[in-house]
Amino acid sequence: MDRREWLRRLRRENVEQEDALSAVYDARWGEIEETHRAFVERFLSRLPAGGRVLDAACGTGKYFGIVLDTGRSLLGMDHSAGHLARAREKFPQVPTEVSELQDFAYQQEFDGVMCVDALEMIPPEDYPGILGSFHRALRPGGLLYLTVERVPEDQVREWTEEARRSGLPAVEGEVIWEDGSYHHYPSMDPVRGWLAGAGFTVDEDLEGPWDPIDDFAYHHVLAHVRQGG
């Protein structure tokens with residue numbers, strides 16, 4: 001199986017899956033976890049008053065209220081038109097745009113970019129380009145907040161081998177769930193390398209808390225545009 005075509009198909013299928021979940025997304029995943037809220041608030045506190053935020057892969061606008069409450073403006077971007085329709089129902093004053101993370105292009109239009117609980121859908125070859133787009137979208141000194149989903153690496157290796165045995169062109173860190181959905185779980189070393197290569201300096205990162213039942217966590221990263229980067 002050709003890997004590029006496989007990834008293109010997965011992207012199309014993921015949009016369909018997300019659209020199908022839009023009506024129930026908030027009921028299932030709308031609660032903001034304490035560590036996520038703390039990082040979003042720290043991210044916003046470092047932006048200029050009245051600054052502009054890009055919420056990349058914003059879903060149904062889970063974090064819109066927190067951003068607006070600080071007086072910042074924002075643009076919500078997501079590949080799911082269904083998710084964005086729900087976001088506009090709740091926050092009609094927030095402009096939205098349908099776009100894949102791999103496809104958007106802004107030039108120094110934002111003081112902060114946040115991408116929360118979404119990069120697990122991104123294959124490794126697309127990471128550098130997306131982080132580069134985040135960098136270009138930010139004004140000098142701009143701030144990035146992102147999360148990387150983590151599961152135990154021995155478990156990831158086992159799941160990747162299962163995908164390979166089934167004939168899929170999966171590479172290290174890639175998992176295909178029983179429902180056909182795709183996840184990529186990179187270790188943090190390459191993520192830090194991709195961030196540095198895109199012109200970011202990491203200011204703070206924290207992993208956890210780990211879910212004791214499902215055995216996963218998010219790694220939170222705050223980074224800024226490196227001077228001259």
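Okay, here's what the table says:
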quantity	calculated
Residue of Pro123, Pro212, Pro92 that the Gaussian network model of the chain assigns the largest fluctuation, springs spanning Cα pairs under 10 Å	Pro212
Farthest toward positive dipole pole in the range 52-169 [+1 Lys/Arg, -1 Asp/Glu at C-beta], among Ala105, Ile122, Val67	Val67
Relative packing of peptides 151-158, 84-91, 130-137, 62-69 - highest average C-beta neighbours within 10 Å first	130-137, 62-69, 84-91, 151-158
In sequence order, calculated HN-Hα J values of the range 12-28 (Karplus, 6.51, -1.76, 1.60; Hz; x Gly/Pro)	4, 5, 5, 4, 4, 5, 5, 4, 5, 8, 4, 5, 10, 4, 5, 5, 8
Hull shadow area, averaged, the range 154-193 [alpha-carbon convex hull, nm²]	3.0
Hz values of 3J(HN,Hα) by residue in the range 141-153 - Karplus curve (6.51, -1.76, 1.60), Gly and Pro given as x	x, x, 10, 10, 10, 9, 10, 10, 6, 10, 9, x, 5
Dipole in debye (nearest 20) - the chain, about Cα centre, beta carbon charges: Lys, Arg +1; Asp, Glu -1	1040
Integer Hz, Karplus 6.51/-1.76/1.60 couplings in order for the range 157-162, x for Gly and Pro	4, 5, 5, 4, 4, 4
Mean separation of Cα contacts under 8 Å, 6 or more apart, over the residue count of the range 1-160: relative contact order %	22
Global geometry of the range 98-226, whether rounded, prolate or oblate, following the gyration tensor of its Cα atoms and the 1.5 cut on a/c	prolate
Computed magnitude of the charge dipole of the range 127-181 (debye, nearest 20; Cβ of K, R +1, Cβ of D, E -1)	540
The chain - share of DSSP beta bridges that are antiparallel (%, nearest 5)	55
Residues with amide H under 5 Å from that of Cys58, placed H, sequence gap 5 or more	Met77, Asp78
Computed helical MRE - 222 nm, the chain, DSSP H runs ≥ 4 contributing -39500 (n - 2.57), nearest 500	-12000 deg cm²/dmol
Listed candidates (i) 53, 41, 36; (ii) 44, 43, 33; (iii) 74, 71, 31 - label of the one calculated as Cα extents along the principal axes in Å	(i)
Distant-in-sequence amide H partners of Leu74 (H built 1.01 Å from N, under 5 Å)	Val53
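Read the figures in this text as sums done on the coordinates, not as results from a lab. The structure presented is a predicted model; accordingly, all values stated were derived computationally and were not measured. Note that each Cβ is placed from the backbone with ideal geometry, even for glycine, and that neighbours are counted across all protein chains shown.
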